[in-house]
Every structure is written in structure tokens, then in C-alpha cells.
Amino acid sequence: MSSSDPLTPTIETREEVMFFDTDCGGVVHNIAYLRMIETARTRLAAKLGMALKEMAQTQVFPVVLRTEIDYRKPAVLADELVIHGRLDSVERVRFWCAFEMRRVVDNTLLITCRQSLALVQMPQGRPLRLPDDWTERYAHLVKAK
């Protein structure tokens with residue numbers, strides 16, 4: 001997965017399939033894929049100005065509203081995986097991130113995933129508008145309503 005625009009924030013993370021990631025059939029369990037996506041999304045959030053330390057101080061967190069995932073091929077124990085993520089689109093109060101996961105040895109596409117997120121002020125649980133500068137900075141990703 002590569003964005004055609006160099007202004008699009010992207011991230012690449014790597015994982016190795018561990019024993020605890022697999023199910024009784026010997027393949028990666030569906031929830032383990034989401035844990036790996038969570039790692040990639042957290043690192044992508046840092047590139048978007050939402051580093052963990054700052055979130056802890058401001059109590060503003062990107063909260064997942066929706067996850068869409070397509071399981072294409074299974075990963076197995078000891079597979080090395082690469083997860084590519086990018087900011088996919090921006091709206092007024094939510095944004096979408098897209099991910100794909102591939103096996104390193106043969107570049108096989110294993111999963112594709114999209115997640116919708118919103119910024120939420122905790123502990124009140126109050127949704128916030130996205131930062132004003134996102135409309136300019138990511139104008140190529142803004143979805144008109």
C-alpha cells in the first residue's frame with residue numbers, strides 16, 4: 001500500500017507471529033490481526049500529532065468508531081509480517097485510516113482493513129471536531145458531505 005500523494009501520512013510496522021497469536025487451527029486468530037493493526041494505528045496517530053504522552057496529558061484520544069477488515073490469506077506461526085497504514089480520508093468530526101498486512105517472505109496480501117475514528121475528550125466522552133489545520137494539511141483527503 002502506498003499513497004500516491006507524498007503529503008499523506010503513512011506508517012510501516014513489522015510483527016512476527018508468536019504462539020499466542022495463533023488459534024487451534026495453527027493460523028493467526030482474527031483478534032491478533034486487530035492487535036497488530038492497533039500498534040500500527042497508534043504509531044500513525046503519533047505522525048498525526050497524537051503521541052501517547054500528549055494524549056495522556058490532554059486526555060484527547062482517537063477512538064475507533066468502525067472497523068472493516070477483509071481476511072484474504074492466513075498467517076501462521078513465525079511468519080514475519082509488514083503492516084502498511086495511511087490516513088485515508090478526513091471529515092469534520094471523523095477520519096479514516098487504511099491498513100494492509102503482507103507476509104514479508106512472499107509479499108502475499110493477508111488482510112486489508114479500514115477504521116473510522118473520532119477524537120474524544122475524556123473522561124467526559126465528548127466528541128471533538130478534528131483540528132482546524134487538518135482541512136488544509138490534508139486537503140487532498142477531505143471528503144465533502
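Is one or more of the residues making up the stretch 48-69 open to solvent by less than 50 Å² (accessible area, probe 1.4 Å) and in contact with a His (Cβ under 9 Å, 6 or more places away or on another chain)?
no
Which members of the stretch 23-37 meet the condition of being surrounded by 19 or more Cβ atoms within 10 Å (Cβ to Cβ) and either over 14 Å from the mean Cα position of the chain (by Cα) or part of a strand (DSSP E or B) (or both)?
Matches in the stretch 23-37: VAL28 only.
One line per residue, one yes/no per condition, for (1) closer than 20 Å to ILE11 by Cβ; (2) at pLDDT 95 or above; (3) open to solvent by less than 20 Å² (accessible area, probe 1.4 Å); (4) of a type in the set (Ser, Thr, Tyr):
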| site | (1), (2), (3), (4) |
| --- | --- |
| VAL82 | yes, yes, yes, no |
| LEU87 | yes, yes, yes, no |
| ARG103 | yes, yes, no, no |
| ALA139 | no, no, no, no |
| LYS145 | no, no, no, no |
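Within the stretch 39-55, is there a residue that is among the acidic types (Asp, Glu) and closer than 20 Å to ASN107 by Cβ?
Within the stretch 39-55, not a single residue is among the acidic types (Asp, Glu) and closer than 20 Å to ASN107 by Cβ.
If you go through the stretch 124-137, how many residues are in a loop (DSSP other than H, G, I, E, B) and loosely packed, with under 10 Cβ neighbours inside 10 Å?
Here the count works out to 3.
If I go through the stretch 75-134 residue by residue, how many of them are without any contact (Cβ under 8 Å) to a residue 12 or more places away in the chain and among the small types (Gly, Ala, Ser)?
1
Within the stretch 29-41, count every residue that is among the β-branched types (Val, Ile, Thr) and modelled with pLDDT under 95. Before you say what the answer is, go through the steps one by one.
From the stretch 29-41, those among the β-branched types (Val, Ile, Thr) are 31, 37, 39; that's our starting set.
Then drop every residue that is not modelled with pLDDT under 95, which leaves 31.
Summing the residues that are among the β-branched types (Val, Ile, Thr) and modelled with pLDDT under 95 in the stretch 29-41 gives 1.
The values are calculated or read from the model by the stated rules, or taken from the named source; none is laboratory data. Just so we're clear, the structure is a prediction, and the values are computed from it rather than from any experiment. All Cβ positions, glycine included, derive from the backbone under ideal geometry; neighbour counts span all protein chains shown. Surface areas here come from the heavy atoms of the whole protein model, side chains and all, with no ligands, DNA or RNA. Shrake-Rupley method; radii C 1.70, N 1.55, O 1.52, S 1.80 Å.
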